[in-house]
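I have placed the structure first, in the form of structure tokens, so that the comments after it can refer back to it.
The values are calculated or read from the model by the stated rules, or taken from the named source; none is laboratory data. Please read these numbers as outputs of a predicted model, since none were measured by experiment. Cβ coordinates were reconstructed from backbone atoms using ideal geometry, including for glycine residues, and neighbour counts include every protein chain displayed.
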Amino acid sequence: MLNRTMVITLERFILDQEAFHPDDTGELTNLLYDIALGAKMIASQIRRAGLVNIIGTAAAVNVQGEEQQKLDVYANETLKNALNHTGRVCAIASEEDEELIPIPDGYPAGRYTVAFDPLDGSSNIDVNAPVGTIFAILRRVTTAGQGTLADVLQPGRELVAAGYVIYGSSVMMVYSSGHGVHGFTLDPTIGEFLLSHENISTPRTGKYYSVNESNFGRWSKGVQRAVRGFHGDDPSRMKGKNSRYIGSLVADFHRNLIAGGVYLYPGDAKNVDGKLRLLYECNPMAFLAEAAGGKATDGTRRILEISPTSLHQRTPLVVGSADDVDYVARVIAETAGAA
Ligand code: AHG
Ligand code: MN
Ligand code: MN
């Protein structure tokens, strides 16, 4: 039987981590806790989705021109409300809002910004497959008042903390503030995230590769060659891997983080920058991958070095086990050099 007197809650763990962040005492802990509260509310709504018939398409279309589903709207509003009045945040960026979200009148603005994808993998909701929430926290660069775009458009290497919540067979929050990657599993009977995966380190080489291969014909020769390598076509340089892809970045990334693997969303002839968004999808995943010993690149550049110019910009992404990411980058470079 589980010994509940021995558990470490998320709150206690992040409080203990404050020693690593002498400039951020209290506030960062509370900010992470605000996100955890939002995630618990989203989790409980997702669990009830089938029962209360909340699934369906809301009238709104999000800024990327995609159809929003009701849970996207709920998750977005829940996170905004968990963050916008606490005095810890000066601006919020969300996949579902075209502009920067200001702090409402009458509430204080704090020293952090949060960018999030409130519900990632939303096309999976109707088929009861895992979805997630992704978040990225930066310290503001302006000094006071409402945050500005300059506070949010910082390269990922400046992140103070980042993480995701996966709403799967169990609900897990995985985060890093730059000192290890730690996973917490929600115990629904007590409503707390409990430390279940301390110091996650990702294998140097993975078992899996994850990519939407229906785009194969539109990829560059380099990406095609690298993926053929994962099929086992180049055995002297790359051992063949198993393919795993569910179409939910959080779920695909989480599996690969634990088991080892590489996730790719390359650019292609139709979408040169691929599909994923830098600020609230690629940067947080790159930050976590690096903190766990892995790597992340857009094919040529380290993701965390990219200086963003707009809130919703996209970037190609190759993220996961270090040797596998290096292999993809090497094959892309060789192929470009030979052209
Ligand atoms: P979102 O649901 O937030 O729009 O994100 C979906 C993203 C990501 O989760 C996933 O990896 C990718 O879209 C899948 O895209 P394809 O269907 O093109 O493979
Ligand atoms: Mn997403
Ligand atoms: Mn989303």
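What strands (runs of 3 or more DSSP E) lie completely within region 136-217 and have 3 or more residues being under 26 Å from Arg301 (Cα atoms)?
Once the strands (runs of 3 or more DSSP E) in region 136-217 are filtered for at least 3 residues that are under 26 Å from Arg301 (Cα atoms), what remains is 161-167, 171-176, 208-210.
Exactly one of these conditions fails for Asp298: (1) closer than 26 Å to Tyr167 by Cα; (2) more than 12 Å from ligand 1 (Cβ to nearest atom). Give me its number.
Just one mismatch for Asp298, condition (1).
Identify the residue in region 142-167 that is out of contact with any strand residue (DSSP E or B) (no Cβ under 9 Å at 6 or more places or on another chain) and surrounded by fewer than 16 Cβ atoms within 10 Å (Cβ to Cβ) and, among all such residues, is nearest to Leu28 (Cα to Cα).
Thr143
Restricted to region 120-135, and to residues that are touching a Leu at 6+ places or on another chain (Cβ under 7 Å) and assigned to a strand (DSSP E or B), which residue is nearest to ligand 1 (Cβ to nearest atom)?
Asp120
Give the number of residues within region 225-277 that are part of a strand (DSSP E or B), away from ligand 1 (no atom under 12 Å from the Cβ) and either without any contact (Cβ under 8 Å) to a residue 60 or more places away in the chain or among the charged types (D, E, K, R) (or both).
Qualifying residue count for the region: 2.
Scan region 172-185 and give yes if some residue there is within 16 Å of ligand 2 (Cβ to nearest atom), closer than 18 Å to Cys90 by Cα and surrounded by 21 or more Cβ atoms within 10 Å (Cβ to Cβ), otherwise no.
Checked region 172-185: no residue is within 16 Å of ligand 2 (Cβ to nearest atom), closer than 18 Å to Cys90 by Cα and surrounded by 21 or more Cβ atoms within 10 Å (Cβ to Cβ).
How about region 23-103: which strands (runs of 3 or more DSSP E) wholly inside it have at least 3 residues that are at pLDDT 90 or above and not basic (Lys, Arg)?
89-94
For residues in region 256-285 being more than 15 Å from ligand 3 (Cβ to nearest atom) and among the charged types (D, E, K, R), which is surrounded by the most Cβ atoms within 10 Å (Cβ to Cβ)?
Here the residue is Asp268.
Can you run down the residue pairs with Cβ atoms below 8 Å, 6 or more apart or on separate chains, where the first is in region 116-141 and within 14 Å of Val165 (Cα to Cα) and the partner is assigned to a helix (DSSP H, G or I) and aromatic (Phe, Trp, Tyr)?
Phe116/Tyr280; Asp117/Tyr280; Ile134/Tyr280; Phe135/Tyr280; Ala136/Tyr280; Ala136/Phe287
Please work out if Asp117 is acidic (Asp, Glu) and in a loop (DSSP other than H, G, I, E, B).
Against the criterion (acidic (Asp, Glu) and in a loop (DSSP other than H, G, I, E, B)), Asp117 does not qualify.
I'm told Asn242 meets every condition in (1) touching a Phe, Trp or Tyr at 6+ places or on another chain (Cβ under 6 Å); (2) surrounded by 18 or more Cβ atoms within 10 Å (Cβ to Cβ) except one. Can you identify the failing condition by its number?
Here Asn242 clears every test but (2).
Evaluate the following for Phe116: is it within 16 Å of ligand 3 (Cβ to nearest atom) and crowded, with 24+ Cβ neighbours inside 10 Å?
Considered against the rule, which asks whether it is within 16 Å of ligand 3 (Cβ to nearest atom) and crowded, with 24+ Cβ neighbours inside 10 Å, Phe116 comes out as yes.
Pairs under 9 Å by beta carbon, first residue not assigned by TED's automatic domain parsing to the domain that holds Glu158 in region 296-310, partner assigned to a loop (DSSP other than H, G, I, E, B) and among the charged types (D, E, K, R), six or more apart or different chains?
Asp298/Asp273; Ile306/Asp298
State all residues of region 239-255 that are in contact with a Lys or Arg (Cβ under 9 Å, 6 or more places away or on another chain) and more than 16 Å from ligand 3 (Cβ to nearest atom); if no residue qualifies, say none.
Passing the criteria: Lys241, Asn242, Arg244, Arg255.
For region 252-276, give me the residue count where each residue is hydrophobic (A, V, I, L, M, F, W, C) and touching a strand residue (DSSP E or B) at 6+ places or on another chain (Cβ under 6 Å).
Within region 252-276, residues that are hydrophobic (A, V, I, L, M, F, W, C) and touching a strand residue (DSSP E or B) at 6+ places or on another chain (Cβ under 6 Å) number 4.
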